[in-house]
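A short worksheet on the structure shown next.
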Amino acid sequence: MGSVAKKGLQKYLLQLQHHPLRTKAITAAVLSGISDIVSQKLSGIPKLQLRRILLKMVVLEQLTTSPCNNLLFMIYYGVVVEGRPWMHVKTRIKKEYPKVQLTSWTFWPVVGWINHQYVPLQFRVIFNSLIAFCWGIFLNLRARSMALPKSK
């Protein structure tokens, strides 16, 4: 039994070395799923609820990566794309970040649910990136339309 676990660990470490992002993503998904399965069993639920497992993954994603992604995007956009000084970017983040995050929490859980429910594993990053690309275009167009002077 010990040799089976040792071989499994060696294979895992090899995958981690050759494909770190994929291995970590799969590990996180598996651990999250196992965690919810165990909690369902401990709470006495007779039949596993797969929808609940997928929903927990979406919630976990929205509470961890979403706030970081939005903050980093706002910093990148302000400093690199717009070329604004850090103090201006910092002030803008303090003012607009809560609204950006709230908007994100109304939109991205649906995308996350669709991604986990219907998109095959190998296409999830591409799907999320495509939606993020479209979301970025939408936000950019929205910001430009709000900044344009109104014609009389």
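The values are calculated or read from the model by the stated rules, or taken from the named source; none is laboratory data. Values in this document were obtained by computation on a predicted structure and should not be read as measured data. Glycine gets a Cβ as well: all are built from the backbone with ideal geometry, and neighbour counts include every protein chain shown.
Selection of region 38-79 for residues being closer than 23 Å to T103 by Cα, surrounded by fewer than 12 Cβ atoms within 10 Å (Cβ to Cβ) and at pLDDT 75 or above yields C68, L72. Give the residues of region 93-106 that are surrounded by fewer than 14 Cβ atoms within 10 Å (Cβ to Cβ) and of a type in the set (A, V, I, L, M, F, W, C), sorted by residue number. The answer is L102, and nothing else. Number of residues in region 99-124 that are farther than 13 Å from N69 by Cβ and within 12 Å of the chain's Cα centre (by Cα): the value is 6.
Within region 80-88, the presence of at least one residue that is surrounded by 15 or more Cβ atoms within 10 Å (Cβ to Cβ), farther than 30 Å from I26 by Cα and at pLDDT 70 or above is confirmed.
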